[in-house]
Amino acid sequence: MKLDMGVLSRACLIDILNKGVTKMATINCHVTVCSHNKSGVCYANCVDIVGSSALEDYDTCCSSFLNKLHYSELTNNTLGPGRCECLKCTVETCTFNNNNLCKLDNIQVSGEKVYYYTQTGCESFELGR
Ligand code: SF4
Ligand code: SF4
């Protein structure tokens, strides 16, 4: 399911403000066919990692993926001066998840021969105990 990016962006910023979280993860990404990818870093306005009952990293995915074949390059992050600084994650089974935010300073998103967002994944996922 694709989420509305305007709603997501606002929700993400509100979450961050409400929870007092100022440090956000750098989103490194191997998915070079994504419109938001610039030199291996994500420049989307906001990224949403999903996979609510994930047991492995390949059960997760980046729902913000846009295929460059259809959307061309979209690396002008309109919410900030540079890379994406808005990360939401609904993967509650991940040990790094805290109220739909990620506790890590950096995450790695990956995917080979990606055409659909479901073919991406958060490599930094670790199953919580
Ligand atoms: S796949 Fe996701 S994390 Fe990677 S560049 Fe695209 S939107 Fe960003
Ligand atoms: S490391 Fe875990 S909490 Fe952080 S974005 Fe990836 S799946 Fe979500």
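What follows draws every value from the coordinates through simple rules; no lab data is involved. Computed from a predicted model, the values in this text were never measured in an experiment. All Cβ positions, glycine included, derive from the backbone under ideal geometry; neighbour counts span all protein chains shown.
Some values worked out for this structure:
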item	result
Chymotrypsin sites (Phe, Trp or Tyr not before Pro) restricted to segment 23-129 and DSSP loop, no more than 15 other C-beta within 10 Å	115, 116
Exposure proxy ranking, count of Cβ atoms within 10 Å, fewest first, for 30, 70, 36	70, 30, 36
